[in-house]
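Okay, structure first, notes after.
The values are calculated or read from the model by the stated rules, or taken from the named source; none is laboratory data. Here the structure is a predicted model, which is why all the values come from computation and not from measurement. Here Cβ is always computed from backbone atoms with ideal geometry, including for glycine, and neighbour counts include all displayed protein chains.
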Amino acid sequence: MFDNVWLIPLFPLIGFLINGLFGKKIKNEAIIGGIGTLMIFLSFLVSCGILMQMIGLPPEQRVFEKVVFPWIHSGHFKADMAFLVDPLSVVMIMVVTGVGSLIHLYSIGYMHGEEGFYRFFAYLNLFCMSMLLLVLGSNMLVMFIGWEGVGLCSYLLIGYYFHKKSAGDAAKKAFVMNRIGDFGFLIGLFTLYWWLGSNHNIWTVNFMEIKAASHLLPYGGVVTVATLCFFLGATGKSAQIPLFTWLPDAMEGPTPVSALIHAATMVTAGVYMIGRMSFVFIKSPDTMMVIAVVGAATALFAATIGTAQNDIKRVLAYSTVSQLGYMFLAMGVGAFSAGIFHLMTHAFFKACLFLGSGSVIHSMHHALHKVHSHDDAQDMRNMGGLRKAMPITFITFLVSTIAISGIPGFSGFFSKDEILWQSFSNPYHGNLNIVLWGFGAAAACLTAFYMFRLVFMTFFGECRINPGAKSYLHESPLVITIPLMVLGTLAAFGGYLGMPKLMGLLPNYFEHWLDPVFELSTEYGSTYAQHGDHLSHGLEWGLMGLSVLIAIIGIGIAFTMYVQNTKLPGKFVATFPALHRAVYNKWYVDELYDYLFVNPCKAFGQFLWKGFDVLIVDGVVNGVANTVMGFSGIFRYLQSGYIYNYAFSMALGVVVMLGYFIFK
Amino acid sequence: MSNVLSLTTFLPILGVLLLLFIPKDSKGVLRNVTLGVTIVTFLVSLIILTGFQSNAEFQFTENVPWIAAGPFIMRYNIGIDGISLWLVILTTFIMPIAVLSTYTAVDEKVKEYMICLLLLETGMLGAFISLDLFLFYIFWEVMLIPMYFMIGIWGGKNKLYAAVKFFIYTMVGSLLMLVALIFLYFKGMEAGITDFGLLNFFSLKLDMATQIWLFLAFAFAFAIKVPMFPLHTWLPDAHTEAPTAGSVILAAVLLKMGTYGYVRFAIPLFPDAAQKFAPLIATLAVIGIIYAALVAMVQEDVKKLVAYSSVAHLGFVMLGIFAFNTEGITGGMLQMINHGISTGALFLIVGFIYERRHTRLITDFGGLSKQMPVFATIFMIVTFSSVGLPGTNGFVGEFLILLGAFESQLRWWTIVATSGVILSAVYMLWVFQRVMFGELDNPKNQKLSDLNVREVAIMVPLVVLIFFIGLYPKPFIDKMEPAINKLVAQVHVSSVNAQAIPDAEMPAGHPGMEQMPAGHPGMEQLPAGHPAVEVPSSPHAEPVVNPHEAK
C-alpha cells in the first residue's frame, strides 16, 4: 500500500483536470460535484489503507520514501518528486482527505445553483492535491510546491466571487502576505542547504537526509537564522503575528472554502512544517522561544478581536487565528505531538463550526432572498433564535463550541489542556513559562466568551430577522447536515485518541503514534533543558481545574451579556467607546500596514519611475540625442528610408574602420 | 546533414527570396508563406535538438574560410553547445508564434513586415551559432536593423522616439564592442592567433588591465541589450511602441542576446575581470530586480508594466550567471528560456486585448473574466508562470538562480533579490486583478469576444511549455549542463592559475578546458588528472577562491 502513495495526490489532480477542462460542458451539478467528491474520497480510501498498513508495522519501520520521478537536478542540487510516508504525514493525509471529503460533499449542497459551480470544484480538487503534496513531500522543494500551490488555490477561491472588489482585494492580500512568508521559507532553505553543504559536503533538501545529518547542526547560530526564516514562512501561511491580517479578509470566499482551507488544512501548514523539521527547530532555543511567544501572543491578540465582531464568519476567522496560536505555542514549548493533536481536533471542530455557520448563512440568505431584503445574511445582529428552525445545525454547532471552549470530555479540552500544561511545565523557557501559560489561559477565557456569544446571538433569544422572512428559515438538506453530524461526532469524541497520561483511563495513542517522529527532537532538546523541581500530579490536576473554571467563567459572562441582560453589551460600548472602536477595527493593524508599507512602496515606485527613469536617465540620453540631432541636419539627405542604403552604409563603415587599422 | 545548422539559419533568407515574388497585395499568401517558412525552420531545428549529444563540445560545427582582408582573417565558423542550443530552439519556436500573432494586427506594408521578421530570425540565429567573433558582430548588427524598422514603421504613437532611442542605445554598445573586438584581435595576433575564432581566444592569457578594459567594453554592450539598470530606459519605450510581434521577439530572444553575450563571450574571454566585477554586476542586477518591480507596480499601461517586469526577470538571470557555479548559471540559462516563454506570452496577451479595445490603459479594463473566460484562464497561468509559482517553468529557473547565488559569494545580494519574488507577486496580481476581476462596468468591454481559434493556437504551445519545464526540466538541464560545467571550470581554473602560476610562465595555449573529458558529470571530478587545478582546496567541489570562505 505504501507504494501507492502517489495515488493520493493524483486522484484530486484528475478531478481538477476533468472539471477544469470539461466542467463547463458537463453542466450537470451532480456529475461535477460527484466527480470532485469521489476523487478526494478515493484518496481518503488509499490513506486509510496506508494507515492500516502502518499500524501493522513496528514503530521503527514506519518510514517509507517513494520517488516518483526526478525533478530538478543541477550541480550539487537534487530534488525529486518524492513522497514521504511516516506517522506524521499519515495523520495529515487522514485529516486532509477525511475532512476534505466531507467538505466536498457539503459543497454540492451549499454551492447549488452558483455560477461557475464547476470552477469551484476544480479549484477545490486542485487545493487538495497541493495540500497533499505539501504534507507528503519528502523534500523541502516538493513541500514548497504544495506550500505555494495551496496559496494559489486560496487566492483563486477567495477571489471566487471575482466581480466583488472586496473579494479581489482579499485574494491578492492573501497571496502577497503568503509570499512574504515564502520569502522566509526560501531563505531558510538556502541557509540550511548551504551550511550543511559547504561545511559537511551534504548537499540536500531531503527531510530524512537532513534528519540523519542533524547531529552536525550547531545549537543556535546558523540554525537560529534558518529556523527563524522558516518560521517567517509559517507565520505567513498560518496567519500569525505579524502576517495574520489576510485570514479574516479571506472570509470573502465561499464558506466551504473557509472551512477547508482557512480552518482545517492550509493554515495549519506552518505548524506541520515545524513538526516536520522539529529536529532542526529544537536546535535553536532562541527560535523556540520566539515561536512560543508569537504563538501565545497571537492566541490572545486574535481572541480579543474576536469578541467584538458581528459577522459570524469573521468571529470564526479570528478564532482560527487564535487557535493556530495555540498550536504554535505548543511547537514553541517543544510539545510537538500536542501541537499536531490540537491541529487535528481543531480541524474537526472548526470545520464543523464553519460548515455550521455556512448552513446558517445558507438558510438566512434563502429566507432574506424570498422577501427581497438586502439585510446582511452573515450579520449576527440579524439572527437569533435559530435553534428552533435548524436543530441539527444547532446541536452540531453547540457540540463544537463546547469542544473549542475546552469543556472536559470534548476533543478540544484534551488537546488544549495538554498545550497549556506543557507551556507551564516545559523545561526550555524558564520563568517565561508562567507568562506563556497566562496568555494561553486568558485566551481560553476569551475563546469561551466569544464562541458562546456567537452561539447565543445566533441560536438563542428572539429572532431578529426581517419578520416576513422568519417563516422561510429552514434546516439545510441532508447533503449539508450529514457532514455536520460526522464532524460534530468527531469534535465530541476525537479527543479520546490523545488522553493525557494523568487521567490514566486510556493510553495516549496519539503521542505514541508520533513518538518515532519526535524522538530525536526530544533528545536534542534535553541537552539544554533545565530540569527544575518535579511538578506534582496535584499541580497538574489543579491547573486543569483552573483552565476549566476559566472557560466556565467565559461562558458565564457570555450568558449574562447575551441571554440574561441583553442591554449590557450596549452599555459596555457606551462606557468604553474608544476601546470598543479599537477592538472592533481590529486594533487598526491593517491601517498601520498600509501606512508603513503599502503606501510608501507605491510612492517610491512612482518616484523611481517619474523621477529617476524619466527625468534623470532619459534626460541624459535625450540630451545626447539632441546634440546628435543638431548635426543630423547635415546628414539628413542620407536618410533615404531604404534598408539596403542602411546596410550599405554600415558595411562601408566597417570597411573604413578596417582600412584604418590595416594601413595605419 | 552536416550543415543543418547553416540550413536552419538561412532558411528564413530563402523565405525572403520567396516573398519577393509574391505581390504585396496578396496579404494572406504573404502571411501564410512566412508562417510556413518559420514552421519549416522550426522543424529543421528539431533535427539539431534530436542529434545533439549531451556533452560539453561544440557540435554541428562548420568552419570554412570566408573573408581575408590584410591581417584580418574571418572564417565562417559556427557550432552550438548546450548553452546556445536552447536559445536556437527558443528562437525557431517563438517565430511561428510571432508571425501568427500578426495576422490581424498588421495590415499595412505586410510584405515588408514579413521580410523584416525573417531577416530578424536569421540575424538572431546567426548570432547564437557564431564561433567567430567577427561573424557574431555581423549578425548582431543584422538583428538591429529589422527591429529598428519594426518599431519605427509599424509602431505606436511615439514610434520614432522609441526607434531612435533603441537605435542610439544599441549602437553605442555595438561600437564599443567593435573597438574591443579589434583590439582583442591584435592582442591575439601577438600571441600567434591567426583568425577571429572564439575558441582560440579562450586560451589567450591576458593581463589583468587589458582584461578589465576589454571586459568593460563587452559588458557595456551586453548590459545595454539585457538591459541592466541603469541602461534599461530604452526598453519600456521600445516595447510599448513596438507592434506585438516585435515586442514578443524583443523580449523572448533579443534581450537574451545580452545575457548570452556574457555567458559566451565576456566571461570566458575575460574570466579574471569577470570575477572582479561580479559584485558590481550583481549589485546592478539586484537593483534592477527591485527597482523594476517597484516601477512596474505603478505603471498605468499594461505593456509598460510587462516591459518593466522584463527588466526584473533579466536581473535574476544576471545574478545567476555571475554566481559562477553550475546551479546559478543553469538557472540563468533556464530562466532565459522561461522568460522568453512567459514574457512572450504576456506580450501576446496584451496584444490580444489591444487589438480588441485599442487601449492598454489598465483603468480602461476590469471584470474581463466574465466576458472572456478562456482568455482569463490563459492569462492567469502565464501570470503565475511569470511570478514563479512552483510547478511552472518560472520557479525552476528562479529557484536555481537564487540557490546558486546563495552558495556563491553573492549571499547578501541573493537575500535582497529573493524579496523580488514578493514584489513580482504584488505587481502581477494587482494588474491581473484590475484587468480581469471586478465589475464589468465599462460598456465598451461588455461586447468583447473571447479568444478565437488562432489565438488559442498561439497560446497553447506556450502554456504546455510552462508546465512541462516546470514539472520536468530534466531534458533541458541535462543538455545544457555539460557546457555550463565547462564554463564554470574555465572561470575557476583561470582564477586558480592567476594565483598559482605567474602570468609570464603561462605558455600560450596551455591545457585549457577544451581538454576536459567529454560529458564529465560535474565539478567534482574536475581535479582528477587536471594539472591546472591541483591546488589545496576542500575535498569537495570548487577548487576556487572558495566563495563560502570569502564571507
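Residues of the range B:413-447 being facing chain A (nearest Cβ under 8 Å) and more than 22 Å from B:PHE399 (Cβ to Cβ), which ones?
Selection gives B:TRP430, B:GLN433, B:MET436, B:PHE437, B:GLY438, B:GLU439, B:LEU440.
Among the residues in the range A:85-95, are any of a type in the set (A, V, I, L, M, F, W, C) and assigned to a strand (DSSP E or B)?
Scanning the range A:85-95 turns up at least one residue that is of a type in the set (A, V, I, L, M, F, W, C) and assigned to a strand (DSSP E or B).
For the range B:64-93, name all the residues that are closer than 15 Å to B:THR9 by Cβ, in a strand (DSSP E or B) and without any contact (Cβ under 8 Å) to a residue 60 or more places away in the chain.
B:VAL64, B:TYR76
Residues to consider are B:ILE73, B:ILE97, B:ILE47; find the one that is crowded, with 17+ Cβ neighbours inside 10 Å, β-branched (Val, Ile, Thr) and at pLDDT 90 or above.
Step by step, each of B:ILE73, B:ILE97, B:ILE47 is checked, and only B:ILE97 is crowded, with 17+ Cβ neighbours inside 10 Å, β-branched (Val, Ile, Thr) and at pLDDT 90 or above.
Is it the case that the range A:229-244 has a residue that's closer than 30 Å to A:ILE108 by Cα and in contact with a Leu (Cβ under 7 Å, 6 or more places away or on another chain)?
The answer is yes; a qualifying residue exists.
Out of all the residues in the range A:324-340, which are out of contact with any Ser or Thr (no Cβ under 8 Å at 6 or more places or on another chain) and under 23 Å from A:PRO256 (Cα atoms)?
A:ILE340 - this is the single residue of the range A:324-340 that is out of contact with any Ser or Thr (no Cβ under 8 Å at 6 or more places or on another chain) and under 23 Å from A:PRO256 (Cα atoms).
Might you check whether a residue that is touching a residue at least 24 places away in the same chain (Cβ under 8 Å) and touching a His at 6+ places or on another chain (Cβ under 8 Å) occurs anywhere in the range B:173-189?
no
Which one of these does A:VAL517 not meet: (1) more than 30 Å from A:GLU209 (Cβ to Cβ); (2) among the β-branched types (Val, Ile, Thr); (3) out of contact with any Gly (no Cβ under 7 Å at 6 or more places or on another chain)?
Result: A:VAL517 passes all but (1).
What number of residues in the range A:206-239 are under 19 Å from A:TYR524 (Cβ atoms) and hydroxyl-bearing (Ser, Thr, Tyr)?
Here the count works out to 4.
Taking B:THR326, is it under 22 Å from B:VAL88 (Cβ atoms) and touching a Phe, Trp or Tyr at 6+ places or on another chain (Cβ under 9 Å)?
yes
Taking the range A:234-245, which residues are over 10 Å from the mean Cα position of the chain (by Cα) and either part of a helix (DSSP H, G or I) or among the hydroxyl-bearing types (Ser, Thr, Tyr) (or both)?
A:THR245
What number goes with the only condition from (1) under 34 Å from the mean Cα position of the chain (by Cα); (2) small (Gly, Ala, Ser); (3) within 14 Å of another protein chain (Cβ to nearest Cβ) that A:GLY611 does not pass?
(1)
Mind listing whichever residues of the range B:29-62 are over 17 Å from B:PHE128 (Cβ atoms), in a helix (DSSP H, G or I) and touching a helix residue (DSSP H, G or I) at 6+ places or on another chain (Cβ under 9 Å)?
B:LEU30, B:ARG31, B:VAL33, B:THR34, B:LEU35, B:GLY36, B:VAL37, B:ILE39, B:VAL40, B:LEU43
Looking at the range A:161-190, which of its residues are acidic (Asp, Glu) and buried (at least 22 other Cβ atoms within 10 Å of the Cβ)? Break it down stepwise before answering.
Of all residues in the range A:161-190, those acidic (Asp, Glu) come to A:169, A:182.
A:ASP182, the sole residue that qualifies.
Could you check, for the range A:65-85, whether at least one of its residues is over 30 Å from B:ILE469 (Cα atoms) and either more than 14 Å from every other protein chain (Cβ to nearest Cβ) or free of Cβ contacts under 8 Å to residues at least 40 places away in the same chain (or both)?
The answer is no; no qualifying residue exists.
Which helices (runs of 4 or more DSSP H) does the range A:246-349 wholly contain that include 3 or more residues that are over 19 Å from A:SER130 (Cβ atoms)?
A:278-281, A:285-306, A:312-332
Could you check the range B:7-61 and list, in sequence order, the residues that are of a type in the set (Gly, Ala, Ser) and within 22 Å of B:LEU85 (Cβ to Cβ)? Can you show your working first?
Step one: list which residues in the range B:7-61 are of a type in the set (Gly, Ala, Ser), which gives B:15, B:26, B:28, B:36, B:45, B:51, B:54, B:56.
Those that are of a type in the set (Gly, Ala, Ser) and within 22 Å of B:LEU85 (Cβ to Cβ): B:SER45, B:GLY51, B:SER54, B:ALA56.
Considering only the range B:286-302, I want to know if a residue exists there that is of a type in the set (Gly, Ala, Ser), within 14 Å of another protein chain (Cβ to nearest Cβ) and assigned to a loop (DSSP other than H, G, I, E, B).
no
In this structure, does B:LEU403 turn out to be outside any helix (DSSP H, G or I), touching a helix residue (DSSP H, G or I) at 6+ places or on another chain (Cβ under 9 Å) and at the interface with chain A (Cβ under 10 Å from one of its Cβ atoms)?
no
May I ask you to say which residue of B:GLU327, B:GLU355, B:GLU300 is of a type in the set (D, E, K, R) and under 26 Å from A:LYS602 (Cα atoms)?
It is B:GLU300.
Do you know which of the residues in the range B:348-380 that are more than 18 Å from A:ASP169 (Cβ to Cβ) and outside any helix (DSSP H, G or I) is farthest from the other protein chains (Cβ to nearest Cβ)?
Checking each candidate, the answer is B:HIS358.
Which one of the conditions (1) crowded, with 24+ Cβ neighbours inside 10 Å; (2) within 12 Å of chain B (Cβ to nearest Cβ); (3) not acidic (Asp, Glu) does A:TYR193 fail to meet, given that it meets all the rest?
Just one mismatch for A:TYR193, condition (1).
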